[in-house]
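Below: the structure, in structure tokens.
The values are calculated or read from the model by the stated rules, or taken from the named source; none is laboratory data. The structure presented is a predicted model; accordingly, all values stated were derived computationally and were not measured. Backbone-built Cβ (ideal geometry, glycine too); neighbour counts: all protein chains shown. Accessible surface areas use protein heavy atoms only, side chains included; no ligands, DNA or RNA. Shrake-Rupley method; radii C 1.70, N 1.55, O 1.52, S 1.80 Å.
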Amino acid sequence: MVLVGGATRLTESGLSIVEWKPVTGTLPPLNQEQWTQAFDGYKTIPQYRELNAGMSLSEFKTIFWWEWSHRLLGRVIGLAYLLPFLWFLWRGALNADIRRRLWMIFGLGALQGAVGWWMVASGLSQRAEVSHYRLATHLVLALFIFASIVWTLRRLAHRPPVAASPRLKITSVVLLALTFVQLYLGALVAGLRAGKVYNTWPDIDGGFIPSTARLLFEKPWWRNLFDNALTVQFEHRMTAYVLLALAVLHLIDAVRSRAGVAAVNGARWLAAAITLQATLGILTLLNQVPIDLALAHQAVAVAVLTLAVLQAERLAVPRSETERQKLALPAGQRG
């Protein structure tokens, strides 16, 4: 879902459907008249007039199918989640704790659909693209839902406690939090198209650290953190360095403190994934964001998030067997 959303963004397809019809929108145009109506709707928005004036119906269909597929996949995910959930509820296989967790995740999924339309609506009247603030919110919420599913799944697993020092546990949580910060900054970079400028490395705008006058020229100063393409790309780069350094230190600490095998392997995989992600980020920047590298960069970002969630969860305070059993009951047993 995240990759299809990324492709929709990279192909400038996200504004091709100018209506939100949760039920009837499931069907695409089925005849020439309906295709003409959909295309006429797209012609009314600024993106068509400013960027795609003169586009043919065939070209419109290409961007339409990306956005329609993205929305359809969202509906399919909702059904794939809700129907089995309702079945488990009917069987009485879930107790109050796990029910709360799963209802929360489902609620966030429903909210995500609304946030997606809120994002699209920002590009239908006053601007030729969606708000980068709303784009970042849409992506981070999707990844938070994903992380919540992974965490909940791990909490249901049978596994022995992992030996780890308090410092190692703290750094695993910091790594997870910093990963979310980096994902948000990456979304801002995408929304501002900041990856298509300052395409050099390790220098940016002529130096490793740009001048303050270039980084903070907007007023008030804090707007630069979100709206200045140079500043946002610089933040994304610096956060990547910090994230990589912390992952390596976390790995060294796990090895030297003789943490459990699972903790060491988790730290090793996380450091390796962040290294690969940083490499892909540099290649994507130097090549001015080709779609294949950009999607690979986004895919590995999801892998990094997954590994960060797994590491933080495995190093969390271990739950007793009794507490674990409270999360789920055998199918058919009333909770």
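Worth a mention:
- Only protein heavy atoms count here; under a 1.4 Å probe, Leu51 has an accessible surface of about 100 Å².
- Here the chain has 68 percent of its accessible surface on carbon and sulfur atoms, given a 1.4 Å probe and all protein chains in place.
- Label positions at Asn265 and Ala80, each projected 7 Å from the Cα along the C-beta direction, are separated by 2.7 nm.
- Net charge in the neighbourhood of Leu249 (other residues with Cβ under 11 Å of its Cβ; Lys, Arg +1, Asp, Glu -1) is +1.
- Given Lys196/Lys219; Lys61/Lys196; Lys21/Lys219; Lys21/Lys61, the pairs whose alpha carbons are separated by over 28 Å: Lys21/Lys219
- The largest accessible area among Glu313, Glu129, Glu33 belongs to the first residue in Glu33, Glu129, Glu313, and the rest follow in falling order (1.4 Å probe, all chains).
- In this view, the solvent-accessible surface of Ile105, computed with a 1.4 Å probe and all protein chains in place, comes to about 10 Å².
- Top positive-direction residue, dipole computed over the chain with Cβ charges, set Ala177, Leu89, Pro202: Leu89
- Within a straight-line Cα-Cα reach of under 19 Å, Lys43 can be paired with the following aspartates and glutamates, leaving aside sequence neighbours fewer than 8 residues apart in one chain: Glu12, Glu19, Glu33, Glu59, Glu67, Glu129.
- Thr200-Gln288 pseudo-label distance in nm [points 7 Å out on the Cα-to-Cβ vector]: 1.6
- Per residue, the average separation of C-alpha pairs within less than 8 Å and at least 6 apart gives the chain a relative contact order of 25 percent.
- Residue order by solvent-accessible surface for Trp269, Trp103 is Trp269, Trp103, largest first, with ligands and nucleic acids left out and a 1.4 Å probe.
- Cα centre as origin, Lys/Arg/Asp/Glu Cβ charges: segment 109-247 dipole, Debye: 460
- Simple spin-label estimate for Trp103 and Ser125 in nanometres, 7 Å along Cα-Cβ: 3.6
- Net +/- balance of residues flanking His132 in space, Cβ distance below 11 Å, scoring K and R +1, D and E -1: +2
- Cross-link partners of Lys169 among lysines (Cα-Cα below 27 Å; sequence separation of 8 or more within a chain): Lys326
- Heavy-atom accessible area with a 1.4 Å probe sorts Asp205, Asp292, largest first, into Asp292, Asp205.
- Local electrostatic count, Leu215, Cβ distance below 10 Å [Lys/Arg +1, Asp/Glu -1]: -2
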